[in-house]
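Inspection log for the structure reproduced underneath, given as structure tokens.
The values are calculated or read from the model by the stated rules, or taken from the named source; none is laboratory data. Only a predicted model underlies this, so the values are computations on that prediction, with no experimental measurement involved. We place every Cβ from the backbone using ideal geometry, glycine too, and count neighbours over all the protein chains shown.
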């Protein structure tokens, strides 16, 4: 979800806000485990080092109001955030490319807690096709269109080798996929109506290595 209704006007929630809201959710869940019943933006700020005013602004997009000098009721804040972020409804997805990363995602049952259920995977490796991984069936990529009519998914998880990333993306879009979670370092091209979320582990590694080198150089 990336829109909210404020004062009868549909407002597009800024992407940085959407990226921060799960941090708040995880932190508030930890506070609940510690027995906290109420939490303020100041408390959250101390835990995750984000300015309290920014947290309050981000939460203004969510349909919840805190109490003066008390804060937000923890259980209510958790429920509202999970619903707002779409974590309470399971979104079915296909995964393309059962390599080491794809296989790890198939084993990650925790994705279900955040609203994503990978119901099937696709590959061309004959040793994988026809098998299951963590109970998830693996089909040949050529079976994609047929399986779309059977499963009715709208999300594709892309973990294929970079040289076929665009080809598989085109195949997904043509088959009816509406959103692509792209784990490859290749910037795929899609029509405007297709949602793309790029999550390149390699790009994040490059940033981390660069910052680490910078710290070492100034010492």
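Restricted to helices (runs of 4 or more DSSP H) entirely inside region 108-219, those with at least 1 residues that are at pLDDT 95 or above and not assigned by TED's automatic domain parsing to the domain that holds residue 25 are 144-151, 165-175. Each residue in region 33-63 was checked for being in a helix (DSSP H, G or I) and more than 23 Å from the chain's Cα centre (by Cα), and 7 of them qualify. Number of residues in region 65-85 that are under 20 Å from residue 19 (Cα atoms), in contact with a helix residue (DSSP H, G or I) (Cβ under 9 Å, 6 or more places away or on another chain) and surrounded by fewer than 15 Cβ atoms within 10 Å (Cβ to Cβ) equals 0.
Per the listing 212, 201, the residue uniquely more than 22 Å from residue 98 (Cβ to Cβ) and surrounded by 10 or more Cβ atoms within 10 Å (Cβ to Cβ) is 212.
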